[in-house]
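First up is the structure itself, then whatever we jot down about it.
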């Protein structure tokens, strides 16, 4: 946004309050990251995460904003909530009562949100128990040269129960923070929590890279990595702004002596309708084998070894899941039949296409085609920088998934800020009518002749 646009933010009391509230809630979340779970030694855990060289621990630690290596009360992060959302949405496609709730509008959605919270608590308790068993098994970890240590000083059921209670409560609190930001702040609270966790790890990751390669830093390597990151960001911005505009024509109707309608418009379909949800969902599912392995379930440890980040099995599953969730989330959030019905009620039609069922089939066909391109773009953005990162041996997990989440959440948050400004300032963000910014989901209307 331009400087004039930024200055307009302070003129709107409601928008200003929302931004301050969002920042305050995110600050509370970051403070909680440094509150250690009782009965553990976080220095030993930090040494263990550093020695792991990334892997599944690096992924979990990234999405929890460094809470795992701190053994924080927020160590589980928001991933149990994301996993619970996935389960409820999948159930909505095969379980009729959930599907009926989705059709009940706002009241049904509140009920689904309630079930999602219950599922979050159950999954958090399971994962917390797995983490407790995992921590008890970390013995003799090298903290410093010649110094060994155990993560848990007094293992046993008292420690396990305390860990389950602490981590489950922490996840419930993080979930509450995310919902409060969504309702009373700016942007999607859950996405912003993940965004903050990734961004706050960047300075520490750069410092670790310098310390690891002290005296052997290659300028060409740094330039190559930065170029790949900038190129990835530019690609994400280009595709996230990309739309397929379906032309729409409104029928003319006469009321008294006046004629209404006859306008030309377009229905914008985003290339990536699902946004950052597919990589978040895919990452969450690929972390699940780690939870099963911590619970000592037979065969789970072998499965965890197969789906280690960087392995070809992990990359293949990751790409497949991203493509699946792109289609799945698009099908859940965008209903061509409902759009066709709304156009018919407004006496609008797509030129050359009959209203009703034919219109719905046409929109569905167009959406399926552009979603294929969008899903391949998301998969490529998420996997290629990760492979390049491994080639250059960058000692931190900041691949394409992280970049896409950061850029995508930033774009969506900026769009919400712009929407608030446009709603209250019809002259545009910079005070000129010609520079009025349109939301990505707005229906743009041009006067017909």
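The values are calculated or read from the model by the stated rules, or taken from the named source; none is laboratory data. As the structure is a computational prediction, the values presented were derived from the model and not from experiment. No Cβ is skipped: glycine too gets one built from the backbone with ideal geometry, and neighbour counts run over all protein chains shown.
Scan the helices (runs of 4 or more DSSP H) fully inside region 281-386 and keep the ones with 1 or more residues being over 20 Å from residue 90 (Cα atoms) and in contact with a strand residue (DSSP E or B) (Cβ under 9 Å, 6 or more places away or on another chain).
Working: elements: 300-306, 312-333, 336-345.
Those helices (runs of 4 or more DSSP H) span 336-345.
Out of all the residues in region 8-56, which are modelled with pLDDT under 75, over 30 Å from residue 290 (Cβ atoms) and surrounded by 13 or more Cβ atoms within 10 Å (Cβ to Cβ)?
Answer for region 8-56, where residues must be modelled with pLDDT under 75, over 30 Å from residue 290 (Cβ atoms) and surrounded by 13 or more Cβ atoms within 10 Å (Cβ to Cβ): 8, 9.
Among the residues of region 346-367, count how many are touching a helix residue (DSSP H, G or I) at 6+ places or on another chain (Cβ under 8 Å), in contact (Cβ under 8 Å) with a residue 40 or more places away in the chain and surrounded by fewer than 15 Cβ atoms within 10 Å (Cβ to Cβ).
0
Tell me which residues, restricted to region 323-356, are within 21 Å of residue 102 (Cα to Cα) and over 30 Å from the mean Cα position of the chain (by Cα).
341
Scan region 70-79 and tell me whether some residue there is at pLDDT 80 or above and assigned to a helix (DSSP H, G or I). Break it down into steps so the answer makes sense when it comes.
We begin by selecting, within region 70-79, every residue at pLDDT 80 or above; these are 71-79.
Remaining after also requiring assigned to a helix (DSSP H, G or I): 79.
Looking for residues that are at pLDDT 80 or above and assigned to a helix (DSSP H, G or I), one finds at least one in region 70-79, hence yes.
Please work out if residue 267 is at pLDDT below 75 and under 31 Å from the mean Cα position of the chain (by Cα).
When the stated conditions are applied, residue 267 does not pass them.
Test residue 59 against the stated conditions and say whether it is assigned to a helix (DSSP H, G or I), within 23 Å of residue 135 (Cβ to Cβ), in contact with a helix residue (DSSP H, G or I) (Cβ under 9 Å, 6 or more places away or on another chain) and modelled with pLDDT under 85.
When the stated conditions are applied, residue 59 passes them.
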